[in-house]
Amino acid sequence: MSPPPAGQPARSLAAAPRHVLARAGRGGPAFLWGFLRHPARVGSVAPSSACLERRLVREAQVAQAGAVVELGTGTGGTTAALLRAMRPSARLLAIELDPQFHHHVAQRVRDPRLHLALDSAERLDALLAAHGLGAVDAIVSGIPFSTLPRLAADRIAASVARALKPGGRFVAYQVRASVEDYVGPYLGPAQRAWEWMNVPPVRVFTWVR
Ligand SMILES: C[S@@+](CC[C@H](N)C(=O)[O-])C[C@H]1O[C@@H](n2cnc3c(N)ncnc32)[C@H](O)[C@@H]1O
């Protein structure tokens with residue numbers, strides 16, 4: 001391979017290292033440890049299945065998006081699935097509260113389009129600004145709204161609505177339906193579906209701003 005012309009980065013965005021993503025896997029054992037550490041915050045014993053990943057990518061219309069946010073990367077299976085579907089020029093801001101999950105993803109999912117933040121989704125507005133991103137086309141969330149303090153859940157729902165472009169999509173997957181109580185006042189009624197091919201089966205809610 002010839003070196004890049006002077007003044008150009010060695011690895012362009014168009015040449016995203018997909019081989020690294022393919023090797024990342026879903027991190028099942030690390031995910032289970034994370035659940036045992038913080039069961040309410042993680043909300044699931046296993047990372048999302050390939051079927052759920054495909055549904056999230058489809059519902060969020062990630063292939064057409066210029067900027068995407070993920071709330072709650074876990075061990076990064078969903079993060080890698082979003083990146084595989086995204087355009088070479090798109091950007092993904094992926095926010096995770098748990099330091100061990102964050103480091104797991106940082107070591108395994110390398111992609112120049114990915115901005116990782118070890119932080120709370122409650123700080124979405126500030127994180128978008130800090131990473132030079134404005135309004136986004138899609139937000140995908142696995143955060144269990146049912147176990148969040150009410151104030152935190154409302155703050156996240158409000159900032160999700162603020163962060164989406166008109167026509168932007170918010171896709172949330174979880175076992176319980178309480179996310180609707182928080183997001184409904186900002187984005188109206190959701191389209192609802194179940195993904196049965198996941199452990200456990202989860203509800204998938206889609207809002208279009
Ligand atoms: C159900 S897991 C989803 C993990 C992964 N996306 C998947 O589908 O396999 C939910 C994730 O949200 C994270 N989380 C919970 N509350 C959060 C918050 N306030 N801010 C950011 N991440 C949070 C948890 O640590 C956990 O990794």
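Things worth noting here:
- If you check 136, 175, 160 for being more than 24 Å from residue 86 (Cβ to Cβ) and not hydroxyl-bearing (Ser, Thr, Tyr), only one passes: 175.
- Taking region 97-126 as the range and being more than 15 Å from the chain's Cα centre (by Cα), closer than 13 Å to residue 41 by Cβ and in contact (Cβ under 8 Å) with a residue 40 or more places away in the chain as the test, only 100 passes.
- Here residue 176 meets the list (1) of a type in the set (Lys, Arg); (2) touching a helix residue (DSSP H, G or I) at 6+ places or on another chain (Cβ under 6 Å); (3) part of a helix (DSSP H, G or I) almost entirely, failing just condition (3).
- Of the numbered criteria (1) within 13 Å of residue 187 (Cβ to Cβ); (2) in contact with an Asp or Glu (Cβ under 6 Å, 6 or more places away or on another chain), the one residue 152 fails is (1).
- Qualifying positions in region 47-65 - over 12 Å from the mean Cα position of the chain (by Cα) and surrounded by 16 or more Cβ atoms within 10 Å (Cβ to Cβ): 47, 49, 52, 55, 59, 61, 65
- In region 83-142, the residues that are within 21 Å of residue 166 (Cα to Cα), hydroxyl-bearing (Ser, Thr, Tyr) and out of contact with any strand residue (DSSP E or B) (no Cβ under 6 Å at 6 or more places or on another chain): 89
FYI, it's all coordinate maths here, none of it is from the lab. As the structure is a prediction and not an experimental result, all values here were calculated from the model. Glycine gets a Cβ as well: all are built from the backbone with ideal geometry, and neighbour counts include every protein chain shown.
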